[in-house]
Amino acid sequence: MIVRLKQVESKFVSGFLLLTLLLGICSAVQAQQKPEQIAQQSSDSWLALVDSGKYADSWQEASQIFKAAVTKEQWQGALRGSRDPLGKLLSRKLKSATYKTTLPGAPDGEYVVIQYESSFEHKQSAVETVTPMLDKDGKWRVSGYFIK
């Protein structure tokens, strides 16, 4: 019985150590990611909402600064006026991603200005600029979006 308890205890300790090691590796991998990479992942997820016409959801997922500057209704109207006429997204390719701590007209913070070369059904060539910021809760969220 004592031998069996020691075996169970040994397996438990081994499992615990393995779990701790795996969590440490995951944390180290995430810590190694540059802000530009994490912000781009956030940007891509957010753009998927916009691309699928889920404008209200894109507002909901935006940064606190964004939501304080524009109401959900204003945002939906703006996207209907600017995105809907372009038609369906055909392609999007990362052009640049630049980390910044200051931006004109915005409070100091952590931002990544991301530009994509995009093509739409009714607009062959466009540049989309998406600016995620590190929000108060530690998550990267979009604080600005423009199409040229």
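Yes or no: Arg92 buried (at least 19 other Cβ atoms within 10 Å of the Cβ), of a type in the set (Lys, Arg) and modelled with pLDDT of 95 or more?
Numbers: buried (at least 19 other Cβ atoms within 10 Å of the Cβ): no; of a type in the set (Lys, Arg): yes; modelled with pLDDT of 95 or more: yes.
When the stated conditions are applied, Arg92 does not pass them.
Tell me which residues, restricted to segment 99-109, are out of contact with any Lys or Arg (no Cβ under 8 Å at 6 or more places or on another chain) and either surrounded by 11 or more Cβ atoms within 10 Å (Cβ to Cβ) or among the aliphatic types (A, V, I, L, M) (or both).
Lys100, Leu103, Ala106, Gly109
Restricting to segment 57-72, name every residue that is more than 15 Å from the chain's Cα centre (by Cα), part of a helix (DSSP H, G or I) and surrounded by fewer than 16 Cβ atoms within 10 Å (Cβ to Cβ).
Ala68, Ala69, Lys72
Going through segment 113-144 one residue at a time, which ones are outside any strand (DSSP E or B) and buried (at least 19 other Cβ atoms within 10 Å of the Cβ)?
Hit for segment 113-144 is Asp135, nothing else.
For Ala97, state whether it is touching a helix residue (DSSP H, G or I) at 6+ places or on another chain (Cβ under 8 Å) and modelled with pLDDT under 95.
No; evaluated as a whole, the condition is false for this residue.
Across segment 88-136, which residue is nearest to Phe146 (Cα to Cα) among those that are in contact (Cβ under 8 Å) with a residue 60 or more places away in the chain and of a type in the set (Val, Ile, Thr)?
Per the criteria, the residue is Val130.
Given the residues Ser91, Ser96, which is the only one that is over 18 Å from Pro35 (Cα atoms) and outside any loop (DSSP other than H, G, I, E, B)?
Only one candidate passes the filter, namely Ser91.
For Lys54, all conditions in the list (1) modelled with pLDDT of 95 or more; (2) among the charged types (D, E, K, R); (3) more than 19 Å from the chain's Cα centre (by Cα) hold save one; what is the number of the exception?
(3)
Looking at Leu49, Leu86, which one is touching a strand residue (DSSP E or B) at 6+ places or on another chain (Cβ under 8 Å) and either assigned by TED's automatic domain parsing to the domain that holds Asp135 or surrounded by 13 or more Cβ atoms within 10 Å (Cβ to Cβ) (or both)?
Every option except Leu86 fails the conditions.
The values are calculated or read from the model by the stated rules, or taken from the named source; none is laboratory data. Predicted model, so just to flag it, every value in this text is computed and none were measured. For neighbour counting, all protein chains shown are included, and Cβ atoms are generated from backbone atoms with ideal geometry for every residue, glycine included.
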